[in-house]
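A.B. asks: Below is the structure I would like to discuss, written out as structure tokens.
Nothing in this text is a laboratory measurement; each read-out follows from the coordinates by a stated rule. Since this is a predicted model, take the numbers as computed values, not measurements. Here Cβ is always computed from backbone atoms with ideal geometry, including for glycine, and neighbour counts include all displayed protein chains.
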């Protein structure tokens, strides 16, 4: 603060107290007691009377949140319960047999069907344990006993993809952002008026072209979050033994965070993850806070499980930042993050 009372370092967590007196010499002798950083003393070491000074005034900074989400998937996307028809191909006795997709489905699987269950004979009441291990443009390769044990060449089959149809992808749940950022003296506001609720659906991927806000300004910051389906087919928890990414963040300007709704649903289903079993709301809210932390140059850590920046395998459901993250030093010229709060 300068001699005219103008705040020159408006960083969240900075504190000020104002003193008033008609005696300029007395004012010049007022100082802050360094033992607590808050009590005002006069030149003789006496406490400044409360009626001559204000209560501590703390700087808060606005964090505006832009929240986008993907829209409906196209009709040709296969989801749980949908049958992708085709025919068994091959005469080998090997464990991996190739089956062809129906060309009319206009669906290019890539690796999106990996982990799906294949029934090679839909006329058979039994569902044989064939699992897709590799996907190509027009076919998939499955492991199990040879399909020809249960079907003849040319028989139709069905694939259960396990992924559910999300409909219109919901916006990420930001319900705990205010609580998480308040200790850093950051006030969260969802008031940009620039949210996009119908970003074109991508089955396994993201789109960074929809951010409509700048990441920072002299007087406020902005973060960007999008509700997406899945990031990568090898990080979607299908099969259940595979790693599942509930979110990810690109920290290069202009910075984007993505929350993967289907992966979160899958992680929480049927007790697959002991911490998050049966309730995806806490995991989604924690993921939102975790990914937003990356906007402020906070990195994953595996020291304090009570911190939201602890890796996703955290045994707790902590939604907030630890003291080390809040107090982490950062110069005023850097991307101005949560870790500069409480300075001064």
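A.B. asks: What nm value, rounded to one decimal, do you get for the distance between residue 281 and residue 209 when each label is placed 7 Å out toward the C-beta?
C.D. replies: Taking the simple label geometry, residue 281 and residue 209 are separated by 3.6 nm.
A.B. asks: Taking 0.36 nm per residue of sequence separation and subtracting the Cα-Cα distance, how much length would be gained by fully extending the chain between residue 243 and residue 44, in nm to one decimal?
C.D. replies: 65.2 nm
A.B. asks: First measure r as the distance between the Cβ atoms of residue 26 and residue 182, then evaluate 1/(1 + (r/R0)^6) with R0 = 45 Å and state the FRET efficiency to the nearest 0.05.
C.D. replies: 0.75
A.B. asks: How much length, in nm to one decimal, is gained on full extension between residue 303 and residue 131, taken as 0.36 nm per residue of separation minus their Cα-Cα distance?
C.D. replies: 58.2 nm
A.B. asks: Measure off 7 Å from each Cα along the Cα-to-Cβ vector at residue 15 and residue 324, then give the distance between these two points in nanometres to one decimal.
C.D. replies: That separation, rounded to one decimal, is 2.5 nm.
A.B. asks: Distance in nm between label sites at residue 253 and residue 58, each 7 Å beyond Cα in the beta-carbon direction?
C.D. replies: 3.2
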